[in-house]
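Working notes for the structure below.
The values are calculated or read from the model by the stated rules, or taken from the named source; none is laboratory data. Everything numeric in this text was worked out from a predicted model, so none of it was measured. Please note: Cβ atoms are built from the backbone with ideal geometry, for glycine as well, and neighbour counts cover all protein chains shown. Heavy atoms of the whole protein, side chains included, go into the accessibility calculation; ligands, DNA and RNA do not. Shrake-Rupley method; radii C 1.70, N 1.55, O 1.52, S 1.80 Å.
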Amino acid sequence: MRTTFGMGIVGAGRIFEQHARAYAALGARARLLAIADVDQAQLQKVTARYFIPYAYQDHRALLERDDVDVVTVCTPPVLHERVVVDALEAGKFVLCEKPLAHTLEAADRILAVARRWPGKLSTVYQFRYLPEVQRTLWLRDQGRLGRLMFGRFSRCARFETPAKAGKPGKVRTDWWGRWGTAGGGAVMTQLIHEIDLMCHLFGRAIEVTAAMDTLKAPIESEDTCAATVRFESGALVCCYATMTAHRSSSAFDVVGELGSVHSPWALECMDSKWREQSLRAVLAVHPLSAERSSVPAGLAVPKDGGCRSGRRRRAPRWRSARPFTPRR
Ligand SMILES: NC(=O)c1ccc[n+]([C@@H]2O[C@H](COP(=O)([O-])OP(=O)(O)OC[C@H]3O[C@@H](n4cnc5c(N)ncnc54)[C@H](O)[C@@H]3O)[C@@H](O)[C@H]2O)c1
């Protein structure tokens, strides 16, 4: 049996770097063998930087390689269907960047093909693996949260960042926010992560009420959305995302009958003994050492994750450099 998997990536744009670095981190278990991109200059740049032996302008040439086992799809959403279907038909394992497709119809067509290749297609929803999400799942499954009743998931993002001394500004890609290529704006590219987490944690959604608008950005679709979702279990969850923010952030609250979990990480229970036991149990399985950049800079997380020894500690909070005083 092969012990080193051959990896191929289609699309060498912004998100490509994250995948290339992730494969490098897998050491001997994976080797990035091939890249495909229609842009020749981009191909040259990334093959040199990441020592990728084979480069193609047509993704079908990459798919012909027998040594490529896994194909990661990093093209703009409108192209996902074509590449994913071709890769599945070529017998590859496929990891497709979110969203799976830019329309429901395209997603249904992909799923119809994927059913013929069970277990071979997966979509990138990396936030599922954040420690606070893993802890929430564990606490839920151990019955430590009780019946889930309410949730809130949010994401605030900035469209573009201005240039700073010696550092170029960040400009959004030209396909962003276009119905025909991206399938939407803030919902399809930002809130989609929260929608995924919501369903991952709460189960099947049965009713959605939402308002969306284009408040700031000159795009075809929406830059802001606020929604309320009813789940089959009876739970109510609200979620919102905007691209109009001045600082990027994300957060969630999951409220159960016995306890609530929050991101940035905190666990709260009215019953202090239950909280203490639950915290110790969950941190033994998903320790704080696994905490990473999902916790914004400046946020104080107690070293014991909020476990108390005697005196009650406060839940982690935003810490600002100095209090804001409005001018009169
Ligand atoms: N998981 C996340 O958090 C996350 C973050 C950013 C982007 N993404 C997703 O990754 C995907 C790519 O986003 P991006 O920001 O890297 O876009 P990008 O525009 O920076 O890169 C896309 C690349 O695909 C190439 N391309 C276009 N048509 C092609 C074709 N037919 N064959 C091969 N290559 C082709 C382009 O030349 C470009 O280099 C999108 O689906 C996006 O939603 C996910």
- prompt: Size of segment 167-215 along its principal axes in angstrom, Cα-based, largest extent first?
  reply: 42, 23, 21
- line: In terms of the alpha carbon gyration tensor, root eigenvalues a ≥ b ≥ c, rounded if a/c is under 1.5 and otherwise prolate when a/b exceeds b/c or oblate, segment 5-124 is prolate
task: Report the extension gain between residue 61 and residue 45 in nm, rounded to one decimal, defined as 0.36 nm multiplied by the number of residues separating them, less their alpha carbon distance.
output: 3.8 nm
message: Accessible area per residue for the chain in Å², computed with a 1.4 Å probe and the full protein assembly in place, what is it?
response: 56 Å²
message: How much length would be gained if the chain were fully extended between residue 276 and residue 108, taking 0.36 nm per residue of separation minus their Cα-Cα distance, in nm to one decimal?
response: 55.9 nm
query: So what's the net charge close to residue 258: Lys and Arg +1, Asp and Glu -1, counting the other residues with Cβ under 11 Å from its Cβ?
result: +1
query: Hey, what's the Cα Rg ratio for the chain versus the globular rule of thumb, 2.2 N^0.38 Å?
result: 1.10
task: Report, ordered by chain and residue number, the lysines lying within cross-link reach of residue 120, taken as a straight Cα distance under 20 Å and ignoring same-chain residues fewer than 8 apart.
output: 92, 98
- prompt: Ranked highest first by the average count of other Cβ atoms within 10 Å around their residues, in what order do 30-41, 206-217, 171-182 fall?
  reply: 30-41, 171-182, 206-217
- prompt: How would you classify segment 78-226 from its alpha-carbon gyration tensor, with a ≥ b ≥ c the square roots of the eigenvalues: rounded for a/c under 1.5, else prolate if a/b is greater than b/c, otherwise oblate?
  reply: oblate
statement: For segment 5-124, the accessible surface attributable to carbon and sulfur atoms (probe 1.4 angstrom, ligands and nucleic acids excluded) amounts in percent to 56 percent
query: Quick one: which of 82-95, 102-115 comes out on top by average Cβ neighbours within 10 Å, and what's the full order, highest first?
result: 82-95, 102-115
